[in-house]
1. Report the one residue of Thr111, Tyr98, Leu131 whose Cα lies farthest in the direction of the positive end of the charge dipole of the range 85-167 (charges on C-beta: Lys and Arg +1, Asp and Glu -1; origin at the Cα centre).
2. How much length, in nm to one decimal, is gained on full extension between Ile106 and Thr84, taken as 0.36 nm per residue of separation minus their Cα-Cα distance?
3. How high is the relative contact order of the range 58-115, in percent, with contacts defined as C-alpha pairs under 8 Å that are six or more residues apart?
4. Between Trp126 and Leu73, how many nm apart are label points set 7 Å from Cα along the C-beta direction?
5. Based on Cα positions only, what radius of gyration and what Dmax would you give for the range 59-163, in angstroms?
6. I'd like the accessible area for Phe117, computed on protein heavy atoms only with a 1.4 Å probe and all protein chains in place. Round to 10 Å², please.
Amino acid sequence: MASDAAKPAVFFLLFVNLVLYLIITIIASWAVNHGIEDSLEQGSVLSTPARIFPIYFPFGNMATGYVVILSLLTGVVGFTTSATGMNNAAKWNASNLYAASASSLITWSLTLLAMGFACKEIHIGWSGSTLRALEAVLIIVSGTQLLGMIAIHAGIEALSRYGGGRV
């Protein structure tokens with residue numbers, strides 16, 4: 001049937017996103033742990049504005065805290081969205097694909113927000129190799145999440161066109 005043509009693409013992109021969001025969560029969790037362990041000893045010698053800065057990381061630049069926190073949030077939400085999206089795509093009916101579409105749109109917006117702060121961190125400069133890997137994976141996953149959303153919408157369109165009937 002023509003409505004099943006987008007199903008392999010949806011599964012592939014959701015699996016790729018699942019792996020990429022897992023990588024983002026691992027790197028961001030490491031960065032949060034590293035920041036918590038080292039900020040007490042390095043933050044005590046800073047001047048007053050930097051000491052009261054709520055998201056201070058002893059590595060990277062001043063955008064690092066925002067990138068790490070938003071990446072951790074994006075990674076967890078994206079991993080959950082990809083896992084539930086694979087379940088929704090396995091059922092392959094319009095109502096489940098609409099649910100996968102809505103959750104992927106929310107995840108994509110969070111990913112773009114984290115990617116925007118990552119681009120700002122790249123623009124400022126002076127970040128380590130682990131943070132550069134996090135920035136690169138954020139940029140890649142924003143594209144694959146968009147492709148996954150397009151594939152889900154193609155599946156919805158095919159189901160509504162060839163599946164016959166209303167949702």
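The values are calculated or read from the model by the stated rules, or taken from the named source; none is laboratory data. As the structure is a prediction and not an experimental result, all values here were calculated from the model. Because the Cβ atoms are built from the backbone with ideal geometry, glycine has one as well, and the counts that use them run over all protein chains shown. These accessible areas exclude ligands, DNA and RNA; they are computed on the full protein's heavy atoms, side chains included. Shrake-Rupley method; radii C 1.70, N 1.55, O 1.52, S 1.80 Å.
1. Selected residue: Tyr98.
2. 6.6 nm
3. It rounds to 45 percent for the range 58-115.
4. 2.6 nm
5. 16.1, 54
6. Spelled out: Phe117, probe radius 1.4 Å, area about 70 Å².
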